[in-house]
Amino acid sequence: MPVIPCGKCYYCLNGRENVCANRTAIGYEYDGGFAEYVRIPRTALASGNLVKIPDHVSFEQAVVTEPLACCLNGQRKANVK
């Protein structure tokens, strides 16, 4: 989850963190995810952007969860049935 919402603007308060007026993102404002090691900002931790990969999930499976989650979240918010 690379986008770090502010949690305080109109959009965040109305469940639209993806268009947060004050968002930052790993890969844009912070050096990002294709590095071997990434320093995670404190604000990302506070926002719940870091998720532990369960032991039974491979790295290959885990790497597609964020893009898949974006698709599912978009469908849910668009009320696709």
Quiz item: Checking residue 44 against (1) open to solvent by 60 Å² or more (accessible area, probe 1.4 Å); (2) under 13 Å from the mean Cα position of the chain (by Cα); (3) over 19 Å from residue 77 (Cα atoms), which single condition isn't satisfied?
Solution: (1)
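Filtering region 1-24 down to residues that are not hydroxyl-bearing (Ser, Thr, Tyr) and not in a loop (DSSP other than H, G, I, E, B), which residue is nearest to residue 44 (Cα to Cα)?
The selected residue is 4.
The values are calculated or read from the model by the stated rules, or taken from the named source; none is laboratory data. On a predicted model such as this, the values are computed, not experimentally measured, just so you know. The accessibility values were calculated without ligands, DNA or RNA, using every heavy atom of the protein model including side chains. Shrake-Rupley method; radii C 1.70, N 1.55, O 1.52, S 1.80 Å.
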